[in-house]
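K.L.:
I have a structure I would like to understand better, so I am pasting it below and will then ask my questions one at a time.
What follows draws every value from the coordinates through simple rules; no lab data is involved. This structure is a prediction, so every number in the text was calculated from the model and none was measured. In this analysis, Cβ positions are derived from the backbone assuming ideal geometry, glycine residues included, and neighbour counts consider all displayed protein chains.
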Amino acid sequence: MTSNREFDCVVIGAGVQGSFTAYQLARRNKKTLLLEQFVLPHTRGSSHGQTRIIRKAYEEDFYIRMMEECYKLWTQMEKEAGVKLYRQTGLLVMGPEKNESYQLCKNAMLKNNVPMVQLTRENFGLHIPNVSLAEGHAAFVELTAGVLYADRTLRAVQGQFQKTKRLVITAGPWTNRLLVKTGIELPLEVMKINVCYWREKVDGSYDVKQKFPCFLQIEGEKSREHIYGLPANEYPGMVKVRLRKRLSNLFV
Ligand SMILES: Cc1cc2nc3c(=O)[nH]c(=O)nc-3n(C[C@H](O)[C@H](O)[C@H](O)COP(=O)(O)OP(=O)(O)OC[C@H]3O[C@@H](n4cnc5c(N)ncnc54)[C@H](O)[C@@H]3O)c2cc1C
């Protein structure tokens, strides 16, 4: 049994693999944390873009068997999210008839009873208009292959997984970037803060080891800035000094 503060699983990376994994774990009532380095959705991983091919036309049996399960999971996701993620188009596979890869792929399809139509030179044009089959090449169509809508999928699966009663955003200067995704607008402003280090004139005179205190110099009413600082500590002989700016009634 896990304690309240313990996750059953932490998944790092919210591409299609991580998002589906996290979602499937959550469906099995596993307390799951999905971590992503970029604000979602982002365009820097392999999973972004609008479309991908889904197919069973592989040379290896294990891929074909794995795809059986994949298709079921895609259908399940479509139902649960109420979004169309897959469009059946078929996959036309062409290659030199005697080529090893072509034969392996075709034979794996036949052996695993994957629905397909083998095309001959004679009937090729009837099934596939506007494409010519090269001399010496053979072709088949894998019927259940099609297009997966990648971006739509990521949104759907992440939407299904990321359900929470409350959300706490403590993203500092990145807060606005996150809030944009929620439709909430707050009057936040990212401010640059300069930190200066002043060198002691007399060695050790403002050193933390000499018990020199942190300090705050409050300026007059009209001043828009206060000064504060810390004793020499981070760098030998350097006192850290900063201006604290007034923004309406607030100092930052
Ligand atoms: C152009 C292109 C076309 C493709 N076409 C097809 C196709 O037609 N059919 C097909 O089946 N496959 C296709 N693929 C392959 C398929 O898209 C990828 O196999 C799949 O998207 C991989 O998903 P992933 O989740 O493993 O990786 P990614 O989508 O790259 O996700 C990895 C995630 O991990 C995050 N991450 C990394 N490090 C950290 C960290 N330290 N902390 C937090 N997060 C981190 C990244 O930011 C990223 O979001 C294609 C790939 C590309 C690029």
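K.L.:
For segment 1-59, which chymotrypsin sites (Phe, Trp or Tyr not before Pro) pass both filters: DSSP loop (anything but H, G, I, E, B) and at most 15 other C-beta atoms within 10 Å?
P.N.:
7, 38
K.L.:
Given springs between every Cα pair under 10 Å in a Gaussian network model of the chain, which of 186, 148, 33 has the largest fluctuation?
P.N.:
186
K.L.:
Roughly what would the spin-label model give for residue 107 and residue 180, points 7 Å off Cα along C-beta, in nm?
P.N.:
Modelled inter-label distance: 5.4 nm.
K.L.:
OK, next. In whole Å, how far is the Cα centre of segment 5-42 from that of segment 46-76?
P.N.:
Measuring centre to centre over Cα atoms gives 20 Å.
K.L.:
Residues of segment 86-116 with amide nitrogen under 18 Å from the 7 Å Cα-to-Cβ point of residue 134?
P.N.:
In segment 86-116, the label zone of residue 134 (backbone N under 18 Å from the point 7 Å along Cα→Cβ) covers 92-106.
K.L.:
Where in segment 1-88 are there trypsin sites (Lys or Arg not before Pro) that are in a DSSP coil and have at most 12 other Cβ atoms within 10 angstrom of their Cβ?
P.N.:
Counting only loop positions with at most 12 other Cβ atoms within 10 Å, the trypsin sites (Lys or Arg not before Pro) in segment 1-88 are 5, 28, 44, 84.
K.L.:
Where in segment 108-137 does the label zone of residue 99 land, with the point 7 angstrom along Cα→C-beta and an amide N cut-off under 19 Å?
P.N.:
Counting backbone N atoms under 19 Å from the label point, the list is 108-110, 117-122, 124-125, 128, 131-137.
K.L.:
Also: If one takes the longest principal axis of the Cα atoms in the chain, at what angle in degrees, from 0 to 90 and to the nearest 10, does the Cα axis of helix 61-81 lie?
P.N.:
Roughly 60 degrees between the two axes.
K.L.:
Out of every Cα pair in the chain, what percent are spaced more than 22 Å from each other?
P.N.:
Distances greater than 22 Å cover 72 percent of the Cα pairs.
K.L.:
Moving on to the next point. Taking the highest mean first, how do the peptides 161-167, 225-231 order by number of other beta carbon atoms within 10 angstrom per residue?
P.N.:
Top of the packing list down: 225-231, 161-167.
K.L.:
If you don't mind, there's one more thing I want to ask. In a GNM of the chain with a 10 Å cut-off on Cα contacts, which of 142, 69, 36 has the highest mean-square fluctuation?
P.N.:
69
K.L.:
If you take all C-alpha pairs in segment 1-55, what percent of them are over 19 Å apart?
P.N.:
Every Cα pair in segment 1-55 considered, those over 19 Å come to 38 percent.
K.L.:
Among residues other than residue 22 whose Cβ falls under 15 Å from its Cβ, what is the net charge (Lys/Arg +1, Asp/Glu -1)?
P.N.:
So the surrounding residues net to +3.
K.L.:
Mind pulling the angle between the C-alpha long axis of helix 150-161 and the longest principal axis of the chain? Nearest 10 degrees, somewhere in 0 to 90.
P.N.:
Between helix and principal axis, roughly 60 degrees.
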